[in-house]
Number of protein chains: 2
Amino acid sequence: MIFETIITTQAGDGSIHIAPMGIREDNGLIVLAPFRPSSTLDNVLGNGYAAVNYCDDVRIFAGCLTGRRDWPTVPADKVPCARLKSALAHCELKLERIEEDELRPRLFCRVLHRVSHSPFRGFNRAQAAVLEAAILVSRLHLLPWEKIETEVKYLAIAIDKTAGPREREAWGWLMEKIEAHRAALKQGDAA
Amino acid sequence: MIFETIITTQAGDGSIHIAPMGIREDNGLIVLAPFRPSSTLDNVLGNGYAAVNYCDDVRIFAGCLTGRRDWPTVPADKVPCARLKSALAHCELKLERIEEDELRPRLFCRVLHRVSHSPFRGFNRAQAAVLEAAILVSRLHLLPWEKIETEVKYLAIAIDKTAGPREREAWGWLMEKIEAHRAALKQGDAA
């Protein structure tokens, strides 16, 4: 089972890196699988720590895919790292072992500390639609335009019916990216 | 903004009714809009109370649409009602005023009590897909078969990639219902 979360890690110079990641559990450990190369991988290999942020602010997911990586963090409680201020819950991890892979090494991490900050507010269909659109945006170069267009049209229904301001803002950022992709495709056709 | 939750209400004989419902907030009140006629409407009008259950067990959503309404509850803390045992959080409501409507009256409710039981575990794409399939199942009679088929095929991707056992079970119940609908359509064609 895979949960979509935001991983925060700390570089050697103290700067914090924020990245969306699908995580899973394996025998009580949390498994991160960052791509190679990536700041998340460098940072976890560097100091051995990370935080998982369980967030319902989908602007952070959409933001990380559209050049908006600056989200408020606070220092973690127990490890040299930070967590997102808006996380509904977070846990702090220590790297335990690595399963090597050329593309996506697997980092098996122990949970040292887990805190709940705010209650779950229920499912929101627009939040799920923003996440699906974010995944779509991360794969634009792999997909035919017709598929992108059909999927956006389908996801837009949940946005229209159930979104709040945060979901609309996140959706807007993703749609700009898709519009830019379409414009580039058109220019390619014209050339 | 609309959140998909499970509403629990209590009938005059003490029995508990469980029903999925999209809720919204309006000036600090929670607005329920149950269909007329429905047990949820009868019960809230009957004793003036309800509980909102913020659940991530999507079997309850899919179950209520496929004849599986018997989920463990515990008594509410402050009002004559019950809440779902598996709720990550819940709140207890008192009916404050009614906006009449022939199809869906709006029940404006005050939150008397709010409790968090378990932390949010992050977004799971399969949970969102089960919810979308549940909405699809509730509208089968309104939709052409091609649309149903296309949507199921799309949603199945997230199930395959990210579901846990609860999501697979819920998905199975919904797929049975869709299969039965298809069989009925075929029989209709043959007649």
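Note on segment B:171-181: residues that are farther than 16 Å from B:Cys64 by Cβ and open to solvent by 80 Å² or more (accessible area, probe 1.4 Å) amount to 1. For segment B:67-83, a residue qualifies if it is on the phi < 0 side of the Ramachandran plot and out of contact with any His (no Cβ under 9 Å at 6 or more places or on another chain), and the qualifying residues are B:Arg68, B:Asp70, B:Trp71, B:Pro72, B:Thr73, B:Val74, B:Pro75, B:Pro80, B:Cys81, B:Ala82.
Taken together, the residues in segment A:81-107 that are among the hydrophobic types (A, V, I, L, M, F, W, C) and surrounded by fewer than 16 Cβ atoms within 10 Å (Cβ to Cβ) amount to 2. From the list B:Ala133, B:Ala128, the one residue that fits, being touching a helix residue (DSSP H, G or I) at 6+ places or on another chain (Cβ under 8 Å) and more than 16 Å from B:Lys177 (Cα to Cα), is B:Ala128.
Restricting segment B:140-170 to residues that are surrounded by fewer than 22 Cβ atoms within 10 Å (Cβ to Cβ) and small (Gly, Ala, Ser) leaves a set whose member that is farthest from the other protein chains (Cβ to nearest Cβ) is B:Ala156. Does A:Gly14 meet the test of being of a type outside the set (Val, Ile, Thr) and touching a strand residue (DSSP E or B) at 6+ places or on another chain (Cβ under 9 Å)? So A:Gly14 does not fit the description; no. Of all residues in segment A:63-77, exactly one satisfies the criterion of being among the hydroxyl-bearing types (Ser, Thr, Tyr) and open to solvent by 40 Å² or more (accessible area, probe 1.4 Å), namely A:Thr73. Residue by residue through segment A:108-127, note down the ones that are open to solvent by 20 Å² or more (accessible area, probe 1.4 Å) and either at positive phi or of a type outside the set (Lys, Arg) (or both). Result: A:Val111, A:Leu112, A:His113, A:Val115, A:Ser116, A:His117, A:Ser118, A:Pro119, A:Phe123. Taken over segment A:1-38, the criterion of being hydroxyl-bearing (Ser, Thr, Tyr) and open to solvent by less than 50 Å² (accessible area, probe 1.4 Å) is satisfied by A:Thr5, A:Thr8, A:Thr9, A:Ser38.
The values are calculated or read from the model by the stated rules, or taken from the named source; none is laboratory data. Just so you know, these numbers come straight off a predicted model, no measurement behind them. When we count neighbours, we look across all protein chains shown, and the Cβ atoms used for this are built from the backbone with ideal geometry, even at glycine. Heads up: the accessible areas ignore ligands, DNA and RNA and are worked out on the full protein's heavy atoms, side chains in. Shrake-Rupley method; radii C 1.70, N 1.55, O 1.52, S 1.80 Å.
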